[in-house]
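To keep things clear, I will list the structure first and then write my remarks on it.
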Amino acid sequence: MDTQSVLVGATLAASLIVAIATVRNGTPSAAALVVLPFAALWAFSRPGLGLCFAIGAILALPQTIPHIWLLPPIAAFGGLIAGATKPRWRGLDLAMGALAVWVALSWLLHRQFNIPSTTLLQTVLPLCVYFAIRLTVSRSLLRMTLWGLLLAGSAGALSVLYDWATSRVHFVDPTAYQWVSTPYALFRAGGVFGGSPAAAVCLAIVSVAVIPLFRDRRRLVVAAGIGLMLWATIVPFGRAGLIGLGVGLLVTVILLPVRIPRLGAVLGVVTAAVLIVVLYASLNDTSPTQGISKSTLYQQGVVRPGSAAGRTHFLSLALPLIGDSASHLVFGRGFDAFNSTNGTYDANMAERPELIFRRGGPHDEYIRAWLEQGAIGFALVICWIGGGLLVGARAARRLPKRSEPRLAVASLTGALAVFAAACFFHDWMHNPVTLSVAVVITGILVSAADHLTRDAPA
């Protein structure tokens, strides 16, 4: 029996194990017992299909299904059976591997918090998927991968819009949903993403990444998909996603760069979208004469009084913890230290219960990295995000202005910039779906930079 047959059999066995495990979730998950093996055979029949299957599992399936986090790495690595490409290894690849190892060591050396191993795996496995992407995405598979992002992102957007249209939670446990609809709180849809901030950020990232598909013949399909994702980015009222979307589009425009007339057209479309949202706010205000700035929708969805002061307060509590000891400064407190399952916290953390019981962390990815993994973990996160942006910017400058390859690299760099900006508002390392989307975009970006600049002048 040849090696490929053994690998196919092992991967099918793994998919069966996952399917059997998900049966515990009820009848819908029991269907996975039949679907997954056939999906695995299909995904491994051609290069790139395994990665597309993984992207679909991340963006289009409810993240609360038991063991769903196992599907993307199985599909992404299993897809390599159909063939792999030869990447140009970079320092960024080393940083991604080192980050995964350092997070695992941080968990292993701080077992006093009793953090479950499944929580660790939901962080480490998405980071490992990066290497499957680097070995999968070639120049010929780049466009198919972008189509996979567009279709899966559109499906995820429909789930958000369904929640929003019905003002109900359909894809997660309503009792555990953060933004329930009450007379005093605006309902913020989250769809399969499990929460409105994750939905807004993930869909904003994908919306920017798939911009190059506008140069395909099926522009109407692309426009419909991006339109759905932009709509689903707005209705959750996730400010991190909206700010990130603006930053990502700006980075794309600068790297391309966009001609002035076309820039005017883009700004016109964006302005029209904003006006539609403002009009919707005024029509749904119980007292339209008060104006948009005083409307209930605007106040609860955008302003959310006290939110900015609350974030400032969290920062004032979190920053002193970074350097309260030499060990914490360099090595951090440990993986997921603010979510101890047995109530183990040091004296300085116990004096700041708001960080533990209200948010489970500082609500900022960069500060979270330093608090949990110290200066080493912070540096590795900066190497990941900053290094990815630098790779994209350098690659874009080597390609002809407004060319198709430059548009692809510029858009992917802009998509990573969405995540970089959103990291100032949430600690995404403990949100598996957002972390997975960011890692996928990073892997595609670096692979595109390698293959599209191979023949470009230095």
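The values are calculated or read from the model by the stated rules, or taken from the named source; none is laboratory data. Predicted model, so just to flag it, every value in this text is computed and none were measured. All Cβ positions, even for glycine, are placed from backbone atoms using ideal geometry, and neighbour counts span all protein chains on display.
Given the conditions (1) modelled with pLDDT under 55; (2) within 29 Å of LEU380 (Cα to Cα), report the number of the one that ILE58 does not fulfil.
Result: ILE58 passes all but (1).
I need the full set of residues from the range 324-369 which are of a type in the set (Gly, Ala, Ser) and surrounded by fewer than 21 Cβ atoms within 10 Å (Cβ to Cβ), in order please.
Step one: of the range 324-369, the residues of a type in the set (Gly, Ala, Ser) are 325-327, 332, 334, 337, 340, 343, 347, 350, 360-361, 369.
Residues satisfying the conditions are SER325, ALA326, SER327, SER340, GLY343, ALA347, ALA350, GLY360.
Any residue that is in contact with a helix residue (DSSP H, G or I) (Cβ under 6 Å, 6 or more places away or on another chain) and under 30 Å from SER340 (Cβ atoms) - is there at least one of those in the range 404-414?
The answer is no, given that none of the residues of the range 404-414 is in contact with a helix residue (DSSP H, G or I) (Cβ under 6 Å, 6 or more places away or on another chain) and under 30 Å from SER340 (Cβ atoms).
Pick from the range 401-422 the residues that are over 20 Å from SER140 (Cα atoms) and buried (at least 24 other Cβ atoms within 10 Å of the Cβ): which of them is nearest to the chain's Cα centre (by Cα)?
Residue satisfying both the conditions and the ranking: PHE419.
Take PHE425 and tell me if it is modelled with pLDDT under 90 and hydrophobic (A, V, I, L, M, F, W, C). Working first, answer last.
Values: modelled with pLDDT under 90: yes; hydrophobic (A, V, I, L, M, F, W, C): yes.
Taking the combined requirement at face value, the residue satisfies it.
Any chance you could count how many residues in the range 80-129 are under 17 Å from VAL440 (Cα atoms), polar (S, T, N, Q) and out of contact with any Lys or Arg (no Cβ under 9 Å at 6 or more places or on another chain)?
The number of residues fulfilling the criteria is 2.
Would you mind telling me which numbered condition in (1) under 27 Å from ILE382 (Cα atoms); (2) out of contact with any Ser or Thr (no Cβ under 7 Å at 6 or more places or on another chain); (3) among the charged types (D, E, K, R) ARG134 fails?
(2)
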